[in-house]
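Visitor: Handing you a structure now.
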C-alpha cells in the first residue's frame, strides 16, 4: 500500500506524527486524533466557515498555479489544463465546495469524483505532495491551529490514491 504522505511532506508540514494518524504511518498515534478536536464544533466551524475556507483556497491555488513542482497546468502532459482566470475561479469554487462538505459545512460538492477528474493527467506523488505543501503554507499563513490543519490535511491525503497515477518505483533492495 502506498504511503498517503511522504516523509518530506510531513516534515514540511511541521506537525507531530500524532496529528497525522490517517496519513499512512504504520506507527500507532499516542493520542487518538479525536482527542485533538474541541467537542461540538465541526472542523468547518473551527476553520472559520466559508469565507475562511475560500481565503485559504484562493491563497493556496494562487501560489500553486505557477509552481512547476505542482504543474497544475499539466504542461507537457496529454491532458493540459486551462489555467485562465475563469478556469481557476471554477477550480477554487469546487475546492470550497469539496472542503466545505468534507469538514462539516453546508456545501455539497458538485464536481466529478477525484478519480474521474484526474484520470489521464499523469499526476505524480511528488506533484500531489507539492500541492499539499502549498495548502499547508496557506493554512499557516491564516493561522489555522496545528490540530485543525492536520485534520484537513488528513482529509486531503485520503484522496491521494484517487488522484496520483504515477508512483515512484520501489527499490529492489
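The values are calculated or read from the model by the stated rules, or taken from the named source; none is laboratory data. In this text, all values refer to a predicted model and were calculated from it rather than measured experimentally. All Cβ positions, even for glycine, are placed from backbone atoms using ideal geometry, and neighbour counts span all protein chains on display.
Visitor: Quick one: which helices (runs of 4 or more DSSP H) sit completely within region 1-106 and have at least 2 residues that are more than 13 Å from the chain's Cα centre (by Cα) and at pLDDT 85 or above?
Guide: On the way: elements: 7-13, 43-47, 49-64, 85-102.
Qualifying helices (runs of 4 or more DSSP H): 43-47, 49-64, 85-102.
Visitor: For region 107-121, check the following and say yes or no: at least one residue is part of a helix (DSSP H, G or I) and touching a strand residue (DSSP E or B) at 6+ places or on another chain (Cβ under 9 Å). Step through it out loud before you land on a result.
Guide: Initially, region 107-121 is screened for residues part of a helix (DSSP H, G or I), giving 114-118.
Subset that is touching a strand residue (DSSP E or B) at 6+ places or on another chain (Cβ under 9 Å): none.
No, there is no match, as no residue in region 107-121 is part of a helix (DSSP H, G or I) and touching a strand residue (DSSP E or B) at 6+ places or on another chain (Cβ under 9 Å).
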